[in-house]
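The values are calculated or read from the model by the stated rules, or taken from the named source; none is laboratory data. None of these values were measured; they are calculated from a predicted model. Glycine gets a Cβ as well: all are built from the backbone with ideal geometry, and neighbour counts include every protein chain shown. Ligands, DNA and RNA are stripped out before the accessible areas are found, and what is left, the full protein with its side chains, is counted by its heavy atoms. Shrake-Rupley method; radii C 1.70, N 1.55, O 1.52, S 1.80 Å.
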Amino acid sequence: MEEFKTCNLDYFPENILIDVLSFLSVRELVRAGRVCKRWKRLVKDQRLWRVVDLTAWKGVTSRILWVLLRQYLGCGLRCLRLRGLLLSARGGTFLSESWLKALSTKCPRLTKLYLLHADLRSLPSCQLLPPSLQVLELRGCELPRGFFNQTLPTSPDQERAEATSSAQQQGQDQKGKQRSSPSGITINTLVLNNVPSFTDQHLQSLTSWERLSRLELRDTFRVTANGLRSCAAKDGICGVEGFPRLKFLEIGITGRQGYQLQMASLGLGAGWLGLEELSLGGKEVGPGLLCASRLKDLKRLCLWACTLSEMQIVRSCRMLRGLRQLEFLDVTFQPRQCPPVVEGEGGGEEEQDNEEAAGGESNNDENKTLDVNDPIPSLRRSLAVLLPACSLVFTNCSVQINAD
């Protein structure tokens, strides 16, 4: 018994202690490293810094980021989540060019970067981000006009000089062309959620990203149908133009009120060669379904956060013969509209229905075993006839109830 009384954390193997420390937040890890020298060494183990989430740590400044980068972050970092100072009364510079360059050098295996409420207008281009990134997610951020351009500007001082003198602008443009290099952007997934500064110009710049295969546009109110149409993958003089490798596209407007609806999903009517997966949400579902028949390579369609009728879905999917999966997420289905029965009419139909009901008693058990997540069984039967090779998925769906 005396041995157990004197037992402490020093008796535990380091692997077990690291597993225990993995349940702590970043702020708690930093505090734990001040306990003793052994804990300081354990806290710096790169297994604890593979996924770093700083969004819950309010008040993170550039000084704290430098401390974390110099003392803790290293080659083990895979995913980094940061909260900016865009909504903070403190303000100030959050991400600097020097810090991003140091992050690229010290964390060469960083593949995913998530930025929340970050003001990126101080960064001239996204090429300052780590070149190892494969997934970039921006939520509630502010972007400069040329953020997604594939050529790096010469320097911020020269950019200011371009705005003051047209003569200097021409000279700097020539230097910029000499110093510009081919895009080294390796990002294949770009997620933009509630980024009001994202425009058609930014979307056009993304066409130069050769590895971009997944693009998600949520609450990007300034993207228009013409902008989306001009970026569609189509056969050109020099080959495929637009997004040649884009396989997944998501468009959804579910946020703020008062914005003019652009109906950007109408740009899907341009064809979009090679697009295999499409996700439509909110106010973009109706316009997108009208143009979905133009997508010849479409194999998967997801509809979310909207209200639909059975007739609307059947008409839109009639031409999608190559569809393999149709998913409904948080969809409210309108009830079927049954025509009124006039007295003196429909008697024969009623008798016929009774005969069918008598003959179909054997199918009652089968109807009872329908999937409880299927809000409209008739929709499943209708789509089974139109798209026999397509699987249906219903998640958190409901049926609208009329007051009558």
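Counting only residues that are open to solvent by less than 60 Å² (accessible area, probe 1.4 Å) and over 32 Å from the mean Cα position of the chain (by Cα), which one in the stretch 8-22 is nearest to Leu95 (Cα to Cα)? My answer is Ile18. Selection of the stretch 117-153 for residues being assigned to a strand (DSSP E or B) and under 21 Å from Val51 (Cα atoms) yields Val135, Leu136, Glu137, Leu138, Arg139. Of the residues making up the stretch 183-201, those that are in contact with a helix residue (DSSP H, G or I) (Cβ under 9 Å, 6 or more places away or on another chain), closer than 19 Å to Arg229 by Cα and either free of Cβ contacts under 8 Å to residues at least 12 places away in the same chain or not aliphatic (A, V, I, L, M) (or both) number 3.
Taken over the stretch 261-288, the criterion of being open to solvent by 20 Å² or more (accessible area, probe 1.4 Å), within 20 Å of Pro196 (Cα to Cα) and part of a loop (DSSP other than H, G, I, E, B) is satisfied by Leu261, Gln262, Met263, Lys283. Note on the stretch 88-116: residues that are of a type outside the set (S, T, N, Q), under 23 Å from His202 (Cα atoms) and outside any helix (DSSP H, G or I) amount to 7.
Report, by residue number, each residue of the stretch 306-325 that is aliphatic (A, V, I, L, M) and buried (at least 18 other Cβ atoms within 10 Å of the Cβ). Explain how you work it out, then say what you get.
We begin by selecting, within the stretch 306-325, every residue aliphatic (A, V, I, L, M); these are 308, 311, 313-314, 319-320, 323.
Within the stretch 306-325, Leu308, Ile313, Leu320, Leu323 meet the criteria.
Which of the residues belonging to the stretch 23-32 are in contact (Cβ under 8 Å) with a residue 12 or more places away in the chain and either in contact with a Cys (Cβ under 9 Å, 6 or more places away or on another chain) or open to solvent by less than 70 Å² (accessible area, probe 1.4 Å) (or both)? Ser25, Val26, Leu29, Val30 - these are the residues of the stretch 23-32 that are in contact (Cβ under 8 Å) with a residue 12 or more places away in the chain and either in contact with a Cys (Cβ under 9 Å, 6 or more places away or on another chain) or open to solvent by less than 70 Å² (accessible area, probe 1.4 Å) (or both).
Of all the listed residues (Trp66, Trp39, Trp57), the sole one being aromatic (Phe, Trp, Tyr) and either open to solvent by 90 Å² or more (accessible area, probe 1.4 Å) or part of a loop (DSSP other than H, G, I, E, B) (or both) is Trp57.
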